[in-house]
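S.K.: Quick one: structure below, then a few questions.
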Amino acid sequence: MQEAVILLVEGKGAGNSSMGPALKKAGYDLKIAHTGADALLQSQEYPPDLVVFDASTMRSSGVRSCLRLRRALEHTPIIHSRAVGEPEDHSAEADVYLEHPYTSRKLLNRIHALLPADDSDDEVVRCGSVTLYRSKPSVEVGGQGERRLTPKLACLLEEFMSHPNELVSRPELMQRVWKTDYIGDTRTLDVHIRWMRELIEEDPAKPKLLRTVRGKGYIFQVEPVDGDAG
């Protein structure tokens, strides 16, 4: 299997705190960028399978640069690492947030969980024209080829596929996918719904699979198989 490409974004003065040696030792194809601008350039030349943004070694929180990477690499997993005591800022739209100090083993475990698994051990869930491969994770719609999912997108899609043609409310999604009852700010859910539609809909602006029920939630619309009524 080809080595996964990891883009490590860290300050030039990272020194002994750099996670680069641990990533190389783990066998990853490591690319290193020292600024957000350099990271964007490298991501175009060598599209990474995952980004580790270590803001603790840089002069800023890295939130804006991390967000720009998210816009450029919509479905690439991103780990945002911050200095001890720094608040966790979800506006960076990373998949995982870590606070120093932590071990290289903890980082490698997070990376392993975010990267696609070996194709030989797929757990497959099918619902209508949509196929979810749990172990990768990835999704395929109508035989058009697989597209990678972040862990949260995979969890969200499986939640919808577990309740086909049923209304699933926003509070239910926040509780089941994000494990929180707090619904004061559901922007994260809105963003993930948008990403989901870009992956599974023929026209994301006119969704047919994932429909919005205004003021209530969403319905994952599955067409009946041939021979079924209604």
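S.K.: Every residue in region 164-185 that is in a loop (DSSP other than H, G, I, E, B) and surrounded by fewer than 16 Cβ atoms within 10 Å (Cβ to Cβ), please. Quick ask: steps written out before the conclusion?
M.R.: Filtering region 164-185 down to residues in a loop (DSSP other than H, G, I, E, B) leaves 164-166, 178-185.
The answer is 164, 165, 166, 179, 180, 181, 182, 183, 184, 185.
S.K.: Among (1) part of a loop (DSSP other than H, G, I, E, B); (2) of a type in the set (Lys, Arg); (3) under 22 Å from the mean Cα position of the chain (by Cα), where does residue 126 come up short?
M.R.: Just one mismatch for residue 126, condition (1).
S.K.: Still on this structure, I have one more. I'd like the residue in region 73-113 that is touching a residue at least 40 places away in the same chain (Cβ under 8 Å) and assigned to a helix (DSSP H, G or I) and, out of all such residues, is farthest from the chain's Cα centre (by Cα).
M.R.: Among them, the one singled out is 104.
S.K.: Those residues that are in contact (Cβ under 8 Å) with a residue 60 or more places away in the chain and within 15 Å of residue 76 (Cα to Cα), I need them from region 10-44; list them, please.
M.R.: none
S.K.: Test residue 65 against the criterion of being touching a residue at least 40 places away in the same chain (Cβ under 8 Å), farther than 20 Å from residue 190 by Cβ, of a type in the set (S, T, N, Q) and surrounded by 13 or more Cβ atoms within 10 Å (Cβ to Cβ), and give yes or no. Reasoning before the result, please.
M.R.: Numbers: touching a residue at least 40 places away in the same chain (Cβ under 8 Å): yes; farther than 20 Å from residue 190 by Cβ: yes; of a type in the set (S, T, N, Q): yes; surrounded by 13 or more Cβ atoms within 10 Å (Cβ to Cβ): yes.
The answer is yes for residue 65.
S.K.: Please count how many residues of region 46-62 are surrounded by fewer than 20 Cβ atoms within 10 Å (Cβ to Cβ) and out of contact with any Lys or Arg (no Cβ under 9 Å at 6 or more places or on another chain).
M.R.: 3
S.K.: Hey, another quick one. State which residue is modelled with the lowest pLDDT when the search covers only region 71-114 and only residues that are among the aliphatic types (A, V, I, L, M) and under 16 Å from residue 195 (Cα atoms). Spell out the reasoning first.
M.R.: Here is the first cut: in region 71-114, the ones among the aliphatic types (A, V, I, L, M) are 72-73, 78-79, 83-84, 92, 94, 96, 98, 107-108, 111, 113-114.
Of the ones still in play, those that are also under 16 Å from residue 195 (Cα atoms) are 72-73, 78, 92, 94.
Numbers: 72: 89, 73: 88, 78: 91, 92: 84, 94: 88.
Looking at the filtered set, the residue picked out is 92.
S.K.: Looking at (1) out of contact with any Asp or Glu (no Cβ under 6 Å at 6 or more places or on another chain); (2) over 30 Å from residue 210 (Cβ atoms), which is the one condition that is false for residue 82?
M.R.: All conditions pass for residue 82, except number (1).
S.K.: Next question. With the requirement that a residue be more than 20 Å from residue 96 (Cβ to Cβ), surrounded by 17 or more Cβ atoms within 10 Å (Cβ to Cβ) and not charged (D, E, K, R), what does region 135-162 give you?
M.R.: Of the residues in region 135-162, the ones more than 20 Å from residue 96 (Cβ to Cβ) are 139-147, 160-162.
Pick out the ones that are also surrounded by 17 or more Cβ atoms within 10 Å (Cβ to Cβ) and you get 139-141, 160-161.
Within region 135-162, 139, 141, 160, 161 qualify.
The values are calculated or read from the model by the stated rules, or taken from the named source; none is laboratory data. Everything quoted here is computed from the prediction, not taken from an experiment. FYI the Cβ positions are ideal-geometry reconstructions off the backbone, even for glycines, and counts take in every protein chain you see.
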